[in-house]
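One structure is given below, encoded as structure tokens.
The values are calculated or read from the model by the stated rules, or taken from the named source; none is laboratory data. Since the model is a prediction, treat every value here as computed from it, not as a measurement. Please note: Cβ atoms are built from the backbone with ideal geometry, for glycine as well, and neighbour counts cover all protein chains shown.
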Amino acid sequence: MWKRLTLLWTVVRGDARLLWFALRHPASPGWLKWGTALIALYLFSPIDLIPDVLPVIGMVDDLVLVPLAIRWLLNRLPPEVMQAAQRRTG
């Protein structure tokens, strides 16, 4: 289980860095900024699909939905923005 969490963290961290560089690109579309703002709002909002008061299940939706939403946004980026972001992340 620890190995899976480490792998998940690595993927999310890499995708988050890629999203950060894509947001800062001058040709990034406006919907990317709105989508990222909605993801951040979901993370910090007290309203969840599954309430966080449930011990484990409440956090699972955040651990699953946020990486999926980030990946969904990254898959819809224009190719030039994605290539520039990938070059910046190394």
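Summary table
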read-out: Residue pairs meeting the criteria (Cβ under 6 Å; at least 6 apart or on separate chains; first under 10 Å from residue 22 (Cβ atoms) and of a type in the set (Gly, Ala, Ser), in region 76-90; second surrounded by 12 or more Cβ atoms within 10 Å (Cβ to Cβ) and modelled with pLDDT of 90 or more); value: 84/25; 85/18; 85/21; 85/22
read-out: Residue within region 43-51 that is of a type in the set (D, E, K, R), modelled with pLDDT of 80 or more and either farther than 20 Å from residue 9 by Cβ or within 10 Å of the chain's Cα centre (by Cα) (or both) present; value: no
read-out: Near pairs, Cβ below 6 angstrom, 6+ apart or cross-chain, from region 27-56 (of a type in the set (Gly, Ala, Ser)) to any residue that is at pLDDT 80 or above and surrounded by 11 or more Cβ atoms within 10 Å (Cβ to Cβ); value: 27/81; 28/22; 28/81; 35/73
read-out: Complete set of residues in region 52-90 that are at pLDDT 80 or above and either among the hydroxyl-bearing types (Ser, Thr, Tyr) or outside any helix (DSSP H, G or I) (or both); value: 76, 77, 78, 89
read-out: Test: residue in region 13-33 that is over 16 Å from residue 90 (Cα atoms), modelled with pLDDT under 75 and surrounded by 12 or more Cβ atoms within 10 Å (Cβ to Cβ); value: no
